[in-house]
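Down below is the structure, laid out as structure tokens.
The values are calculated or read from the model by the stated rules, or taken from the named source; none is laboratory data. Predicted model, so just to flag it, every value in this text is computed and none were measured. No Cβ is skipped: glycine too gets one built from the backbone with ideal geometry, and neighbour counts run over all protein chains shown. For accessibility, only protein heavy atoms count, side chains too; no ligands or nucleic acids. Shrake-Rupley method; radii C 1.70, N 1.55, O 1.52, S 1.80 Å.
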Amino acid sequence: MICTGCSCLCDDVEIRDGKILNACYRGYKVYSKLSENRARALVDRREVSVDDAIEKAVEILGQAKNPALYGFDTTTVEAQEVAVKIAEKLNAFIDDNSSFCLGEVVEAILKKDVPSTTLEDVRDQAYVIFYWGANPYSSAPRHMSKFTYYPRGMKRLKGYEDRFLVVVDVRRSETAKLAKKNAIFIKVESDDELVESFNLALEGKAGKYAKEVGTVITELKRSDFNAMFVGLGLKYGVRNLDGFFEMIRKINRVAKLYLIPSAFHSNMRGFNEVLFEKTGSINKFSFKEQRSDKLFAFTELLKRDEIDAVLLLGTDPLSSIPFEISKKIMRIKTVVVDPKMSLTAKIAKVVVPSAFSGFESSGTMVRSDGVRKRLEPIEEKEVNDLWILKKISEGL
Amino acid sequence: MLRISKFLKFEVEVLVVRDSLNEGAVIFFHPEFAKKIGIKENDLVEVSKGDKVLRLRAKLSNFAPENGAYMPNNIFSSYFTENNFKKFKANVEIADGKESTVEEILDSL
Ligand code: SF4
């Protein structure tokens, strides 16, 4: 079974005699709590049939003047494609978590602004394993053991003994604590200063982190295959990511360094790819205006009271975005499609209960590095994201 | 014994991080920093920012920033975040009573 606990999409997780094998604690937690707190079909917090909830959802979205669709990072590519069609049909805004997560990194890779590679190639070949603002211990617990630092690979026969680990963070995270032998931990106060130090070092000048950067560049030059994984610590640590991408391109003039986003929701990259294929943009898109803009990010639309209805699928804004923004959901008509009774579901106008993609429904997801995976669910539930979205689309 | 720190308030920078193992109304301090500001493991602390106040359970962790704290990414941390979703400054002081609940936050809507 493919675990959809995070964007590693580990393909060796098994359920045998009721036991979950090979999953990390994060995947285990998702699976072992699958039956808890399941969503029920609700309209105005009253229990209804799934059909009635969908009918109400269609009515709300169909009558809205400025509807938005948001989320979709834990569902399948097939469901994401239908979501984009609904947004187009409604002339609506569509966005996902990537607009405040690692969307810009995925975009730079899709536009080929920076070189990227696959996790299998990293496992087989990469010498320097570089985590910047990322703590896979928590966000993707098997990242290092299955794909990057620890495993043996074709050119890395001794596993981590054949690699050099670099960790950059503002705190000594669990991942940073692993940087001991053949490794360096760079504790930064400002990520921008470290970017500047790399740029200066490549021009032969010394910046604030000259010593650390010197060590890293020397190690990078020792191999023709190195990989950097970036996380939200970087995204929120630098003023803008363009300068960071420029630094990656400069490093590549002296040593090969591939960039991969570290981890996010199971199929965030799938959403970015689906929308990119259709519109040339990866998120915050308005079908009415036929363009993407930072003003069309779901959080910005809420801030400016620009939308009157929203379809949320597989996301819980009340938990994940600033409360002053998310509480505005109360003022609009909200349809939540989710396997769980999330906090946002508790205040929604309509709740449509769905299945867990990967565990209870099949389809395709895209791993953090862009590799597509076919899901192998342990059961196939008829009422899943794709079925619900198709019904909504037909109703519209 | 009277705890002097009970009457003190400190401004602390709090990071918001993904932490799949720990959920709920908790805040993690580096042991050295906690010692400096007089907070012990499992103390109840009041975290406030403007007119927003939550009572959280204090935990000690070597993975916390050396001069600050972190909170798992959930409704309790989102309650305080603004434009930077991953970092905020708040005042911390020792409190009495019980941890804040999700319901209290939802009731404020
Ligand atoms: S690393 Fe991610 S995909 Fe792999 S088992 Fe853990 S949660 Fe599941």
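Let me confirm one metric for peptide A:309-320, namely the mean number of other chain beta-carbon atoms within 10 Å of its residues' beta-carbons.
Mean number of neighbouring Cβ atoms from other chains: 2.
For peptide B:78-85, compute the average count of partner chain beta-carbon atoms within 10 Å of each residue's beta-carbon.
Rounded to a whole number, the mean comes out at 6.
Just counting partner chain Cβ atoms within 10 Å, what average do the residues of peptide A:27-33 show around their Cβ?
Across A:27-33, the average partner-chain Cβ count within 10 Å equals 1.
Can you list the HN-Hα couplings for the range B:61-67, worked out from phi with the Karplus curve (6.51, -1.76, 1.60; θ = phi - 60°), rounded to whole Hz and with x for Gly and Pro?
In residue order, the calculated couplings are 8, 5, 8, 6, x, 5, 10 Hz.
Shape of the range A:105-201 from its Cα gyration tensor (a ≥ b ≥ c, root eigenvalues): rounded if a/c is under 1.5, otherwise prolate when a/b > b/c, or oblate?
Verdict is oblate for the range A:105-201.
At a 1.4 Å probe, what is the % contribution of carbon and sulfur to the accessible area of chain A?
Heavy-atom surface of chain A belonging to carbon and sulfur, 1.4 Å probe: 46 percent.
Restricting attention to the range A:39-96, which trypsin sites (Lys or Arg not before Pro) occupy a DSSP loop and are surrounded by at most 16 other Cβ atoms within 10 Å?
A:R40, A:R45, A:K65
Can you tell me the relative contact order of the range B:9-101? Whole percent, Cα pairs under 8 Å, sequence separation 6 or more.
Over the range B:9-101, the number comes to 46 percent.
Leaving out ligands and nucleic acids, note down the accessible area per residue over chain B with a 1.4 angstrom probe, in whole Å².
I get 50 Å² per residue for this part.
Quote the total accessible area buried by chains B and A together, excluding ligands, DNA and RNA, probe 1.4 Å, nearest 100 Å².
Approximately 2700 Å² gets buried when B meets A.
Among the listed pairs A:K155/A:K177; A:K340/A:K390; A:K89/A:K284; A:K19/A:K85; A:K85/A:K381, give every one whose C-alpha distance is greater than 28 Å.
The answer is A:K19/A:K85.
For a quick check: with amide H placed at 1.01 Å from N, whose amide H comes under 5 Å from A:A183's, ignoring anything fewer than 5 positions away on the same chain?
For A:A183, the qualifying residues are A:L165.
I'd like the orientation of helix A:50-63 relative to chain A: the angle between its Cα long axis and the longest Cα principal axis, in ° from 0 to 90, rounded to 10.
80
Amide H of A:L259 versus every other amide H placed in the peptide plane: which residues, excluding those fewer than 5 positions away on the same chain, fall under 5 Å?
A:S116, A:T117, A:M228
Cα to Cα, under 16 Å, and not fewer than 8 places away if on the same chain: which lysines meet these conditions relative to B:K9?
B:K9 reaches B:K35, B:K36, B:K40, B:K49, B:K52, B:K89.
Which residues, if any, in the range A:126-151 have at least 10 Å² less accessible area in the whole protein complex than in the isolated chain, probe 1.4 Å?
Residues of the range A:126-151 that lose at least 10 Å² of accessible area once the other chains are added: A:Y137, A:S138, A:S139.
Given the whole protein assembly as supplied and a 1.4 Å probe, what does the accessible area of A:Y149 come to in Å², nearest 10?
10
Which whole-Hz couplings ³J(HN,Hα) result when phi for each residue of the range A:252-264 is put into the Karplus expression 6.51 cos²θ - 1.76 cosθ + 1.60, θ = phi - 60°, listed in order with x for Gly and Pro?
Karplus-based 3J(HN,Hα) across the range A:252-264 equals 5, 6, 10, 7, 7, 9, 8, 10, 9, x, 5, 6, 7 Hz.
List the residues, sorted by chain then number, that are 5 or more residues from A:L69 or on another chain and whose placed amide H is less than 5 Å from its amide H.
Those qualifying (amide H under 5 Å, at least 5 residues apart or on another chain) are A:F93, A:I94, A:D95, A:L311.
Starting from the Cα gyration tensor of the range A:260-327, take the square roots of the eigenvalues, sort them a ≥ b ≥ c, and report rounded, prolate or oblate (rounded when a/c is under 1.5, otherwise prolate if a/b is larger than b/c, else oblate).
oblate
Taking θ as phi - 60°, what are the ³J(HN,Hα) couplings along the range B:13-18 by the Karplus curve (6.51, -1.76, 1.60), each to the nearest whole Hz, with x for Gly and Pro?
8, 10, 8, 10, 10, 6
Please calculate how many Å² of accessible area the range A:103-261 carries per residue, with a 1.4 Å probe and no DNA, RNA or ligand atoms counted.
Computed with neighbouring chains in place, this is 41 Å² per residue.
Is the protein assembly as shown rounded, prolate or oblate when judged by the Cα gyration tensor, a ≥ b ≥ c being the square roots of its eigenvalues, rounded requiring a/c under 1.5 and prolate requiring a/b larger than b/c?
Oblate shape, in that a/c is at least 1.5 and b/c is the bigger or equal ratio.
Which of the pairs A:K349/A:K373; A:K294/B:K86; A:K221/A:K250; A:K56/A:K346 have their Cα atoms more than 24 Å apart in this structure?
Where the Cα-Cα span goes over 24 Å, the pairs concerned are A:K349/A:K373.
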